[in-house]
Amino acid sequence: MIDNNKHISEALFAKFLAGETEGDELMLVLDWIDHSEENRQAFETFERVWSVTGRTSSFDADQAWSNVNKKITHATRNLFYIYTAAAAAIIMIIVFGLLLRNQSVQITNEFSVATLSEPVEETLPDGTEVTVAEYSNLTYLYNKKTKTRIAQLSGEAFFDVKRDTNRRFIVNTGFGGVEVLGTSFNIDILESSDVMVDVRSGIVKVFLPGESKDTLFLIITKGESALISSSLGTIEKQIQQPSVFFAVDSTISFRNVELKMVFNELERMYNVNIVADSSVFSGLRFSSSFKQNSIDEILTVVAETFNLRYRKVDSEYLFVNNEK
């Protein structure tokens, strides 16, 4: 039995992964995972095993957990889907058509926003805060019958979801979606129709389109990202980009990133040029987080970390080793 600070059975984790927990049970699992990095890693290990062995009604949680000590099988997820923009539009119409048709009494708190050249910040009827990126569309409704908060997204949006373990929050994109388990995250539907999901806090379940209980999904947590491939019908974890939440709160977070890549990211976000000779980059990797800092403040931290010095000429920053 998993026993890190709280006693939670493998059976409860299996129930959680199957989407069958709610109320106090859901809160217990979420709090346990958020309690520590050790808990989060233990949960991810269990999820990998469950994804291979646990999708049957006769799931043996104890046996699955014992398998962790022997071998963790990396499942190959090769379902094949081909979607086009037209298919996404059809899915959107069908989903909302079925929800609204003959259910006017059940649907409440309808809300929609469409943006042009500027992002828009809004608060949804349930208290969720959302930043809808430019040239994006978001529609929200609440289904009383299923106790589900549903957002339909076209484009990109950042969600800071109001936690409510009795009312699910789902974001559909037409190519897959996200079920929120108490979190803040960003969803971006790319030009290829692939969907990128980045989690800033909490936990989300990323899933492919489909109504089956066994629909392919992947659970990701704080600092993790996932890519839904619309053409391959797969979900894969990705390395989270340092500036993914920069447009939301001017945050940049580097985790053991090569210094050259750090400079490239800073150039892109602050519209400056950073020049350094090859000796500056030799084997250096940088880890730090910044929020609402100027480019000069960030570069000063970088310089002091690696004993470098720099000077500014117009919008260009020149870095050299202190030894020179």
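Let's see how each residue does on (1) surrounded by 16 or more Cβ atoms within 10 Å (Cβ to Cβ); (2) of a type in the set (Phe, Trp, Tyr); (3) not assigned by TED's automatic domain parsing to the domain that holds Ser315:
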| residue | (1), (2), (3) |
| --- | --- |
| Thr234 | yes, no, yes |
| Thr251 | yes, no, no |
| Leu259 | yes, no, no |
| Arg268 | no, no, no |
| Asn271 | no, no, no |
| Ser282 | no, no, no |
| Ser294 | no, no, no |
| Ile298 | yes, no, no |
Tally time: how many residues in the range 120-167 are more than 24 Å from Leu30 (Cα to Cα), in contact (Cβ under 8 Å) with a residue 60 or more places away in the chain and surrounded by fewer than 17 Cβ atoms within 10 Å (Cβ to Cβ)?
0
Residues located in the range 221-279, provided they are outside any strand (DSSP E or B), modelled with pLDDT under 90, polar (S, T, N, Q) and more than 19 Å from Ser184 (Cα to Cα):
Ser230, Ser231, Ser278, Ser279
Take the residues in the range 13-25 that are in a helix (DSSP H, G or I) and surrounded by fewer than 19 Cβ atoms within 10 Å (Cβ to Cβ); name whichever of them is modelled with the lowest pLDDT.
Gly23
Consider Phe175 carefully, then state whether it is in contact with a Pro (Cβ under 8 Å, 6 or more places away or on another chain), crowded, with 21+ Cβ neighbours inside 10 Å and aromatic (Phe, Trp, Tyr).
yes
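The values are calculated or read from the model by the stated rules, or taken from the named source; none is laboratory data. Please read these numbers as outputs of a predicted model, since none were measured by experiment. Neighbour counts are summed over all protein chains in view; Cβ atoms, including those assigned to glycine, are modelled from backbone coordinates with ideal geometry.
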